[in-house]
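Worksheet: one structure, shown below.
The values are calculated or read from the model by the stated rules, or taken from the named source; none is laboratory data. What you are looking at is a predicted structure, and each value in this text was computed from that prediction instead of being measured. When we count neighbours, we look across all protein chains shown, and the Cβ atoms used for this are built from the backbone with ideal geometry, even at glycine.
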Amino acid sequence: MKISNETKIGALTAVAITLLILGFNFLKGKPMFEKNTKIYAVFRAVEGLGASNPVVINGLQVGTVYKMQEIDENLSGIVVTMNLNKEINIPRNSVATISTNILGSTSINVKLGNGSDYLADGDTLATAYTPGFLDQVKNSIDPALLRVNSALQSLDSLIKVIGSAFDPAAKKNFQAILANLATTTASLNSLLNVQTGLAAKTLENAAAFSGNLKKNNDTITQILSNFKTVSGKFARLDMDKTLTKFQDAVGSLNTTLTKINSNEGSLGMLINDKRLYNNLNATTNSLNILLQDFRIHPRRYTGGLVFGKKDKSPPLMSPLPDSVNNPTDSKRQ
């Protein structure tokens, strides 16, 4: 049987139309040969989102955007229809957001909730707004630009102030400052001279001192050892008992002094009794008179046996002047 050319052209046209329809639906995100679940989400804005954009959960694409349609004439919201081509349990408290990556491609990102009740075919998913990548960059750049602008204004004001300060007198002052800096630098170089500078001499003295310490290292070690031995002996002393005995001795001395001051005992009465002092003074005076009278009139006491005739002159009633302590008075007599 011979097929006419018109039949062939018609058949090819029908196949082409079928493939065109299937391809168009595929590009719109409608799967051709697999079962899918439709869920909805309402957004206030869908900038950058289009049909066939991916629907992602935890980084895995689970479906595509099928279509978008406004709710009413006032555009109070946009309903986005999503086709899910994977069997995924999505809790009802999950949230859908529109995210844009650095390359500019847009997708719907579903953040799973923790509920046990899952969405079914035809249910609506909750949504939330998140700023895109460009919005985040813009929000970060705007404050930086404001700070840069403020810094430039401050720098401009500083340059104006410096420009107004550079009059001829100020230039001379700056030249004098530079000359002083040059003099200071020369002095510093002289101080830091390796051979003749003060710093070099100081280092030499420090080196000599270190050398002496090194030479006398054994002596220093012996001194430290002796000091350690002495400190060990002091540490082994029972200082508490020694201090206790010392305190007891001080207490006994205080008790004795208290008794002496309060006329208790022989020593206290001897120190504090004025009559005893007066009696001793009178006895000493009488003994002094007796000795002086014996020296001047010895025959009175010997009865004339040693020095001849007995002396009958009146006795000495008061002591003679002290020729030792008052030699001038003795010479006068």
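Take the conditions modelled with pLDDT of 85 or more and exposed (fewer than 15 other Cβ atoms within 10 Å of the Cβ) and apply them to I57. Does it pass? Taking the combined requirement at face value, the residue does not satisfy it. Checked across the range 70-81, the condition of being closer than 15 Å to L125 by Cβ and touching a residue at least 60 places away in the same chain (Cβ under 8 Å) holds for no residue. Restricted to strands (runs of 3 or more DSSP E) entirely inside the range 36-137, those with at least 3 residues that are of a type in the set (S, T, N, Q) are 60-70, 95-100, 106-111.
Collect the residues in the range 34-54 that are within 60 Å of the chain's Cα centre (by Cα) and surrounded by fewer than 11 Cβ atoms within 10 Å (Cβ to Cβ), keeping them in residue-number order. Across the range 34-54, the qualifying residue is only R44. Looking across the range 82-104, just one residue is farther than 11 Å from V62 by Cα and free of Cβ contacts under 8 Å to residues at least 24 places away in the same chain, and that is L103. The residue list S107, S116, S76 contains one member that is surrounded by 13 or more Cβ atoms within 10 Å (Cβ to Cβ) and of a type in the set (G, A, S), which is S107.
If you scan the range 25-44, which residues turn out to be of a type outside the set (V, I, T) and at pLDDT 90 or above? If you could, list the steps in order and put the result at the bottom.
Our first condition is that a residue be of a type outside the set (V, I, T); within the range 25-44, this holds for 25-36, 38, 40-41, 43-44.
Selection gives K38, Y40, A41, F43, R44.
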